[in-house]
Each structure stands twice: as C-alpha cells, then as structure tokens.
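The structure appears right after this line, and notes come after that.
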Amino acid sequence: MDKFDLIVLGGGPAGYLAAERAGHAGLKTAVVEKRALGGVCLNEGCVPSKTFLNSAKIYEHALHGKAYGVTAENVKIDQNVVVDRKNKVVKQLVGGVGMQMKANHVTVLNGNGKICGKCEEGFKIEVDGTAYACDKLIIATGSTAFVPPIKGAKESLESGFALTNREILDLREIPEKLVVIGGGVIGLEMASYFNSVGSKVTVVEMLNKIAGPTDSEISNFLLKEYQKKGVDFKLGCAVTEIADGKVVYTENGESKSVEADKVLIAIGRRAFTQDIGLETIGVYTERGNIVTDENLRTNVAGVYATGDVNGKIMLAHTAYRESEVAVNHILGKKDKMRYHAIPSVIYTTPEVGAVGETEDSAKEKGLDFRVANISMRFSGRFVAENEGGDGICKLIIDNKYDRLIGVHLIGSYASEIIYGAAMMIESEYRIKDLKELVFPHPTVCEIIREALFQ
Ligand code: NAI
C-alpha cells in the first residue's frame, strides 16, 4: 500500500491549495479528485460565472455606449461563443492547477476517495478500490447545491427544466423567461447575466430582502438597480412547487405562480459529507458540517477539514486561508484562522464588496459604533466613468477603539477595492492612522478616504 504523509480528499480550492502548500514544504502529498481539479470554483462556479458576466458587461457597454459618445449597430450576443469561451478559460485554469500539483511534487489520484478507517500505517483511504495510507488527512470535499424538498424539484432537475449553478453555465440558448429561486449570491449573479442578455427574469426569494446577510442599505440599493433594469422580484415568497412551465409560490398565504422556460434553483449549498466514510474514523459533524477548531482540526487527531465542508464561510478565498492554516499546523508552524475580516463580493452590475460587521449585525451585537456613509459620486473617477450612476460607500466604525469594523461598497470596482478595506480591519489601525494613508488619484478606492474624513 502506498503511504503518504498527507492525503487531501477533494481537489477544489481548499484541496489543491492544501496539497500545493504541503508538497512545497516537502511533505509526501496526494490529492484525490473524482471529477476535475479546481472543484466547483474553477469548473462550475466562481470563475466560469465571471466569464459569463464579463460577456454581458461588454454587450451592455456596446448597447448603451451612446451617452459616452459610442454607438454601435446590430449588437448581438452569441451564447455559443460565451459558453465556448467559458470552457476554454476553465480548461486553461484547470490545466494550471495540474501544473502546480506537478511543480510541488503532489500525486494526483483521480477517482472517488473514501475513508476506510485506520490501519497500521495511519488512515486508510481507498480511491476507486485501491488502498493508500497517510499520517494526516485533510477533508476538503466541498459542497453541493441544495435541492429543496419541494414538489417537482427533483423531477424538474432530471428533465432539464430546472437547473443548478452547474447546468446553467452550459446553457446554449437564452431562455425567454427565467425564474430564479433564491435571491442570494448565485441567484443574483445569474439573474444579472440573463437579464442583460435578454431573458425576462423573475427572482422568487423567501426573505423580504435580497443578498442574504449583505448590509440592508446596500441590498436595497441593489434591489432598486435591478428593478430599474426590469428584473421582477417576488420577495417574502416561498416556492412550493416546480411544475411543468411554471413555479408556484406563496405570497401572504396565497398561492400564486409565474411562468418559466427554465428555472434556476439557487437556495444555498450543503457540505458534502455523505458516503466519504467519516463514520469509519468517527469525525464529528453538526447539521451536516464537519466541526473544526481555529486550526481546522476535527475531533479526530490528525484529521482536518477545510473549505465548504466545514460550513463556516462558503467562499473559495476562505478555503485557501483555512488550508494554509491546516498545513501550517501539520508542519508545526504557529498560525490560526480568523474569520472577522474576510471580504465577500457579489459580481452584479453594480458590484457589491463587503467585509466585517454590517449596520444590522453591529446593532444586533449591541456594539458602540458609528456609521460614515458617502455617495460614490464623491469619487471623480466614478463620476467620469458612470454617466448618471450612483453607489454607496459605508463604513462601520467602532467607537471604543476608534477603528473600522465593517466596510460596504456598491459601485464599480467594489470587488477590487474591498481587499484593501479588509486589510484595514485585519490590521486594526485606528481611524486617525488610516487618515494618513495616501490613495492614488483619481480612483474609485479614494472613496474610502473621503468617507474616513466624514
Ligand atoms: P445563498 O445562501 O447565498 O442564497 C440562497 C437564498 O435562497 C436565500 O436568500 C434564501 O432565503 C433563499 N431561499 C431558500 N429557500 C427558498 C425557497 N423555498 N423559496 C425562495 N427562496 C428561498 O445561496 P446561493 O446563492 O445558492 O449560493 C451558495 C453559496 O455559494 C453561498 O454560500 C455563496 O457564498 C457561494 N457563492 C459565492 C459567490 C461569490 O462570492 N461571488 C458566487 C456564488 C456562490
């Protein structure tokens, strides 16, 4: 039986990053992947959805360039080219991960991995029936789209009438009427794309707000922007049935329906822990998520769980950092995971970038805080580039220590600016120190400096 210092179960962002770091540090490492390296993020999530959204952006620029002195005729979007390009990008990046594995001497085991208890040499892992042993194990099996126990959901997915984030990115025809169930991140990004390229989009969301935990003021702004663009939002409406050609939902106790050519189910994801043999070594889970500590250790010595599978923050960049912390722990290096300054982005137009406490969460926690809120129009570059547009920059400032505890942006480049805000929170600078920072001019990020001086 081949023996490794470390086996990583799952080759998504959590898994390949863990394998890369461990291999680089000299551990004899294997990563097990049953589909393609890169996982959901590279193959059917973060990256491919960005190729779609960039095509939509270019299309919209061509359509609406008149205010900027640019006119174009006969502007068309070709969904086949969009999907082909997406596949090309995915292939390139997945190939890049494979090369990284090679460069760091990581063995890639293609197949379905399963934990099969312990053996004399450590943990026993079977990959499509072949047994391997390892001293340490990182479980990075990710998550899968949650299919709600609502009437017709399973059948609609089987017939292709309903789709998850996986299938929608292979759609070669633009549906005339798209109903999106769930107004969270996936729902909004896909609603944005299909609205741009001509579908009549309806979003049915159970809560009274979109974008889940996003600061309410920002999510309201986003809601209004998309209503202006023609997306129909059914808020406070729970879907009860997906039937042929329609989605049935309840609004204030009344049953209603909306017609659809395709339905996207985007009501969250669940940790993938079924049938991977957790019970054979006694790994503890809570509500389906593997329980981990600040070093990403599970209750079983030598076993770690990083990425979506621990259900903490289901974002690829959280997974990267968690995997680094786990590998550092294995290597005996001092490190620990901190979750309070992890930025998040929604790639709509306008983009949303957020980090730390929202006004709502700060209130709920009873924190002593103040809010600095400023329009994006205070940024010269924003005005120069966004004819008639607006956005928000909102800072949440802790009064006791006079430092930033939350930053929320809606407007262009928010996705690229937010990491800077996360660094300000992570490094715990006082507001007076942040005021001394010099920002490049003219940029949209200067809006943070403007807000600090409010
Ligand atoms: P989500 O949790 O963000 O949103 C799901 C939404 O569905 C919620 O607003 C919920 O209230 C609603 N919902 C639940 N049951 C419903 C029902 N029966 N009828 C109507 N609405 C219902 O989940 P989503 O959008 O599927 O995303 C999954 C994960 O992927 C998230 O954890 C997200 O962080 C991650 N992701 C991150 C992205 C990014 O960072 N840009 C992009 C895409 C996904």
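The values are calculated or read from the model by the stated rules, or taken from the named source; none is laboratory data. Because the structure is a prediction, the values reported are computed rather than measured. Note: ideal-geometry Cβ built from the backbone for every residue, glycine included; neighbour counts use all protein chains shown. The protein model used for the area step is the full one, side chains on, heavy atoms only, and it has no ligands, DNA or RNA in it. Shrake-Rupley method; radii C 1.70, N 1.55, O 1.52, S 1.80 Å.
Looking only at the range 269-287, which residues are open to solvent by less than 20 Å² (accessible area, probe 1.4 Å) and away from the ligand (no atom under 13 Å from the Cβ)? First the steps, then the outcome.
Taking the range 269-287 as the starting set, the residues that turn out to be open to solvent by less than 20 Å² (accessible area, probe 1.4 Å) are 271, 276-278, 283.
Within the range 269-287, ILE276, GLY277, LEU278, VAL283 meet the criteria.
Can you tell me how many residues in the range 3-18 are more than 21 Å from the chain's Cα centre (by Cα) and buried (at least 24 other Cβ atoms within 10 Å of the Cβ)?
Filtering the range 3-18 for residues more than 21 Å from the chain's Cα centre (by Cα) gives 3-8.
Keeping just the survivors that are buried (at least 24 other Cβ atoms within 10 Å of the Cβ) gives 4, 6-8.
The total comes to 4.
Give just the number: which of (1) hydroxyl-bearing (Ser, Thr, Tyr); (2) under 26 Å from THR51 (Cβ atoms); (3) open to solvent by 20 Å² or more (accessible area, probe 1.4 Å) does SER192 not satisfy?
(3) is the only condition that SER192 fails.
Applying the selection to the range 172-184, what residues are of a type in the set (A, V, I, L, M) and either within 16 Å of ILE77 (Cα to Cα) or within 6 Å of the ligand (Cβ to nearest atom) (or both)?
From the range 172-184, those of a type in the set (A, V, I, L, M) are 174, 178-181; that's our starting set.
Correct list: ILE174, ILE181.
Among the residues of the range 255-268, which ones are in a strand (DSSP E or B), open to solvent by 50 Å² or more (accessible area, probe 1.4 Å) and under 16 Å from MET190 (Cβ atoms)? Reasoning before the result, please.
In the first step, residues of the range 255-268 are kept if they are in a strand (DSSP E or B); the result is 255-259, 262-265.
Within this subset, residues satisfying the condition of being open to solvent by 50 Å² or more (accessible area, probe 1.4 Å) are 255-257, 259, 262.
Scanning the range 255-268 gives a single hit, LYS262.
Residues to consider are ASP244, ASP261; find the one that is closer than 30 Å to ASP78 by Cα and at pLDDT below 95.
Working: ASP261 fails: at pLDDT below 95.
Only one candidate qualifies: ASP244.
Go through the residues of the range 146-158 one by one and say whether even a single one is within 16 Å of the ligand (Cβ to nearest atom), within 21 Å of the chain's Cα centre (by Cα), open to solvent by 70 Å² or more (accessible area, probe 1.4 Å) and touching a residue at least 40 places away in the same chain (Cβ under 8 Å).
no
Scan the range 98-119 for residues that are open to solvent by less than 40 Å² (accessible area, probe 1.4 Å), of a type in the set (A, V, I, L, M, F, W, C) and more than 19 Å from THR280 (Cα to Cα) and jot them down.
MET101, VAL106, LEU109, listed by residue number.
Quick check on this structure: which one of GLY95, GLY142, GLY122 is away from the ligand (no atom under 16 Å from the Cβ) and crowded, with 17+ Cβ neighbours inside 10 Å? Break it down into steps so the answer makes sense when it comes.
On the way: GLY95 fails: crowded, with 17+ Cβ neighbours inside 10 Å; GLY142 fails: away from the ligand (no atom under 16 Å from the Cβ).
Going through GLY95, GLY142, GLY122 in turn, just one is away from the ligand (no atom under 16 Å from the Cβ) and crowded, with 17+ Cβ neighbours inside 10 Å: GLY122.
Within the range 315-335, take every residue that is more than 16 Å from the ligand (Cβ to nearest atom) and within 21 Å of VAL355 (Cα to Cα) and give me the one that is surrounded by the fewest Cβ atoms within 10 Å (Cβ to Cβ).
Here is the first cut: in the range 315-335, the residues more than 16 Å from the ligand (Cβ to nearest atom) are 323-335.
Imposing the further condition that a residue be within 21 Å of VAL355 (Cα to Cα) reduces the set to 323-325.
Working: SER323: 27, GLU324: 19, VAL325: 23.
Here the residue is GLU324.
If you check ALA326, ALA305, ALA319, which single one turns out to be in contact with a Phe, Trp or Tyr (Cβ under 6 Å, 6 or more places away or on another chain) and modelled with pLDDT of 95 or more? Break it down into steps so the answer makes sense when it comes.
On the way: ALA305 fails: in contact with a Phe, Trp or Tyr (Cβ under 6 Å, 6 or more places away or on another chain); ALA319 fails: in contact with a Phe, Trp or Tyr (Cβ under 6 Å, 6 or more places away or on another chain).
Going through ALA326, ALA305, ALA319 in turn, just one is in contact with a Phe, Trp or Tyr (Cβ under 6 Å, 6 or more places away or on another chain) and modelled with pLDDT of 95 or more: ALA326.
Out of GLU60, GLU20, I need the residue that is acidic (Asp, Glu), within 19 Å of ARG85 (Cα to Cα) and touching a residue at least 12 places away in the same chain (Cβ under 8 Å). Which one? Before you say what the answer is, go through the steps one by one.
On the way: GLU20 fails: within 19 Å of ARG85 (Cα to Cα).
Testing whether each residue is acidic (Asp, Glu), within 19 Å of ARG85 (Cα to Cα) and touching a residue at least 12 places away in the same chain (Cβ under 8 Å) leaves just GLU60.
Condition first: among the β-branched types (Val, Ile, Thr) and open to solvent by 30 Å² or more (accessible area, probe 1.4 Å). Can you find one or more residues in the range 28-46 that meet it? Even if it seems obvious, please write down each step before you answer.
Keep residues of the range 28-46 that are among the β-branched types (Val, Ile, Thr), which gives 29, 31-32, 40.
From what's left, open to solvent by 30 Å² or more (accessible area, probe 1.4 Å): 40.
Checked against the condition, which is being among the β-branched types (Val, Ile, Thr) and open to solvent by 30 Å² or more (accessible area, probe 1.4 Å), the range 28-46 yields at least one hit.
Being charged (D, E, K, R) and within 16 Å of the ligand (Cβ to nearest atom) is the filter here; which residues of the range 288-314 pass it?
Filtering the range 288-314 down to residues charged (D, E, K, R) leaves 293-294, 297, 308, 312.
Answer for the range 288-314, where residues must be charged (D, E, K, R) and within 16 Å of the ligand (Cβ to nearest atom): ASP308, LYS312.
Within the group GLY198, GLY187, which residue is within 16 Å of GLY45 (Cα to Cα) and either open to solvent by less than 10 Å² (accessible area, probe 1.4 Å) or more than 9 Å from the ligand (Cβ to nearest atom) (or both)? If you could, list the steps in order and put the result at the bottom.
Values: GLY198 fails: within 16 Å of GLY45 (Cα to Cα).
Being within 16 Å of GLY45 (Cα to Cα) and either open to solvent by less than 10 Å² (accessible area, probe 1.4 Å) or more than 9 Å from the ligand (Cβ to nearest atom) (or both) holds for just one of GLY198, GLY187, which is GLY187.
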